[in-house]
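K.L.:
Let me begin by handing over the structure; questions about it come next.
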Amino acid sequence: MPEDRVLMKGNEAIGEAAIRAGCTFYAGYPITPQNELTEYMSYHMPKAGRAFVQAESEVAAINMVYGAAATGARAMTSSSGPGISLKQEGVSYMCGAELPCFYANIVRGGPGLGNIAPAQSDYFQATRGGGHGDYRVIVLAPSTVQELFDITMLGFELADKYRNPAMILGDGILGQMREPIVLREPVEYDPGTKGAWSLGNSAGREKHMITSVRLAPGTLEKHNMKLFRKYKEIAEKEQRYELTAVDDAEVIIIAYGTSARVAKSAVAAARESGDIRLGIIRLITLWPYPADIIREYADKGARFLVVEMSLGQMYEDALLSVAGKTDVSLLAHTGGGLPAEEEIIETAKKVRASDGPVEVFPEAAE
Amino acid sequence: MTTKTIMAGFGGQGVVLMGTLLAHGAMVEGKHTTFFPSYGAEMRGGTANCSVVVSDREIASPIVNQPDCVVAMNIASLNKFESRVRPGGIIFVNSSLIDRRVERDDVTEIRVPANEVAESLGDVRAANMVMLGGIVKKTGVVNLETLGESLEKVLSERAMGLIDLDRQALKRGFEEVA
């Protein structure tokens, strides 16, 4: 047995991965279910000689991250839905100013204060930018503690590469659970070419300016088109996903995160019992959405079933991807509800028996 | 083979440590495992619980609705989880603190006098380890020796002084159950 595995909590795995990715600055503010991440950073960042700040609010935390990133730091923050809402203004500013950062949203049930159960209901907030203005952030969706670790390390790289915020969209289960993982070797953080634009150490060089304000007529449009070109490049190059048993599938599930964990088990169980041949496209990036692979299977006439812990948010991207070429069905839960394996298999069988799309929702209150 | 266990007790009985140690042992033995705590709005004096899944295949959700085993360290836990065990499952009862018997007749009841055994070893805090020893004897989910080794990785620094006691307690619990 590989003895180098450790049993780690999801939130702590993000923290350890951030430190091993060379994160030099973390600012955060507590909220369940991501508190162990902030706690981990409060203990381990100072020990590694890095900066940790428990900010006075979420708004302060994201603006500290802005400041740190402007000086070339590898900067990070984290929260859960309500706190991420508060941070959206800062994220928008960072996109406008082309500052990289990495952040995690360990999603809880919403809207409002909602509850602290796992959910995927911040999908629109994450993939549509969330704040004001014409921008995108890279959205990564792990489904195991190992992947939380690996994707955190990747997220810092992508953020720096594109000078843009990148984030994890997790949930309360992924943050709270412990699972065996293999820790990757730490990387030595190299600011690389950041010196060409970052602030500080300014003696003897031209002045640098980090800003999201462009008031002179025409300048913002041109700047936004520069950003847009970058987003197009990301959309072309960074679509990530995992395929399981899709080629002979009667129904292909599209899911991410915790929903995808349950869906993968449903695929295995249904194939074992001979009930129905299921396959799954597990999304690893949510923005960019892996539209190309979905389109490829849509062209072959595949029938899709989206399984998500939100009321048809990711479903819209699946529908956009197939562009009417085939049908897409939906199994949705919300407010902390989880899909069950048997429920996924039953819904898939309904899809198989139906000529058109099927939509399955939980019961509503009176 | 998949074994889903819910462990419950009052805060301070070491339920989280018991679950973490079981998951760690499963990991060392090369199995898939998840540990999931109850988190958030817990009440002082209320029950703490955690779910541990051990399997030879990938685990879908770490949340357990219908466990194969329930471990009740106090009466409130038995009251709360007795109905959740699958038919044919096992309920481990800390008989030192729980007078009543399991009411269901479609499950197996295993009574372990965890507090008394721990006290006889000199420290009631080891009751969780006594219970865990009994659990692995009955279920065979993980080997007793593995748990003894895993203690080195799972115990906090300040609890490391209790490691010999904990190992003894695991062994005594193992012997306690037929």
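Every number in this text was worked out from the coordinates using simple rules, so none of it is lab data. The model shown is predicted, which means the values in this text are computed figures rather than measured ones. Neighbour counts run over all protein chains shown; Cβ positions are idealised from the backbone, glycine included.
K.L.:
Given (1) within 11 Å of another protein chain (Cβ to nearest Cβ); (2) buried (at least 19 other Cβ atoms within 10 Å of the Cβ); (3) farther than 16 Å from A:E179 by Cβ, where does B:S77 come up short, assuming only one miss?
P.N.:
(1)
K.L.:
Which members of the range A:252-280 meet the condition of being touching a Ser or Thr at 6+ places or on another chain (Cβ under 8 Å) and not in a helix (DSSP H, G or I)?
P.N.:
A:Y256, A:G279, A:I280
K.L.:
Taking the range A:70-95, which residues are over 24 Å from A:G109 (Cα atoms) and not in a helix (DSSP H, G or I)?
P.N.:
Answer for the range A:70-95, where residues must be over 24 Å from A:G109 (Cα atoms) and not in a helix (DSSP H, G or I): A:T71, A:G72, A:A73, A:R74, A:A75.
K.L.:
Follow-up question, since we're still on this one. Identify all residues within the range A:237-273 that are over 16 Å from the mean Cα position of the chain (by Cα), more than 14 Å from chain B (Cβ to nearest Cβ) and among the charged types (D, E, K, R); write none if there are none. Reasoning before the result, please.
P.N.:
To start, the set of residues in the range A:237-273 that are over 16 Å from the mean Cα position of the chain (by Cα) comprises A:237, A:243-253, A:262-273.
Cutting the leftovers down to more than 14 Å from chain B (Cβ to nearest Cβ) gives us A:237, A:243, A:246-252, A:273.
If the condition is that a residue be over 16 Å from the mean Cα position of the chain (by Cα), more than 14 Å from chain B (Cβ to nearest Cβ) and among the charged types (D, E, K, R), then A:K237, A:D247, A:D248, A:E250 are the ones that fit.
K.L.:
Checking the structure you have, find out if any residue of the range A:337-357 is within 24 Å of the chain's Cα centre (by Cα) and away from chain B (no Cβ under 14 Å).
P.N.:
No: zero hits.
K.L.:
With the condition kept exactly as written, say whether any residue in the range A:218-236 is surrounded by 11 or more Cβ atoms within 10 Å (Cβ to Cβ), away from chain B (no Cβ under 14 Å) and part of a loop (DSSP other than H, G, I, E, B).
P.N.:
no
K.L.:
Next up: Considering the range A:92-109 alone, what residues qualify as being small (G, A, S) and out of contact with any strand residue (DSSP E or B) (no Cβ under 7 Å at 6 or more places or on another chain)?
P.N.:
Initial filter on the range A:92-109 (small (G, A, S)): A:92, A:96-97, A:104, A:109.
Correct list: A:S92, A:G96, A:A97, A:G109.
K.L.:
Considering each of B:S83, B:S61 in turn, give the residue that is at the interface with another protein chain (Cβ under 10 Å from one of its Cβ atoms) and either buried (at least 22 other Cβ atoms within 10 Å of the Cβ) or closer than 26 Å to A:G337 by Cα (or both).
P.N.:
Values: B:S83 fails: at the interface with another protein chain (Cβ under 10 Å from one of its Cβ atoms).
Of the residues listed, the single one that is at the interface with another protein chain (Cβ under 10 Å from one of its Cβ atoms) and either buried (at least 22 other Cβ atoms within 10 Å of the Cβ) or closer than 26 Å to A:G337 by Cα (or both) is B:S61.
K.L.:
Shifting gears a bit: Just give me the residues in the range A:237-251 being outside any strand (DSSP E or B) and not acidic (D, E), in sequence order. Give the steps one after another, and end with the answer.
P.N.:
Kept after step one, since they are outside any strand (DSSP E or B), are these residues of the range A:237-251: A:237-240, A:245-250.
Those that are outside any strand (DSSP E or B) and not acidic (D, E): A:K237, A:Q239, A:R240, A:A245, A:V246, A:A249.
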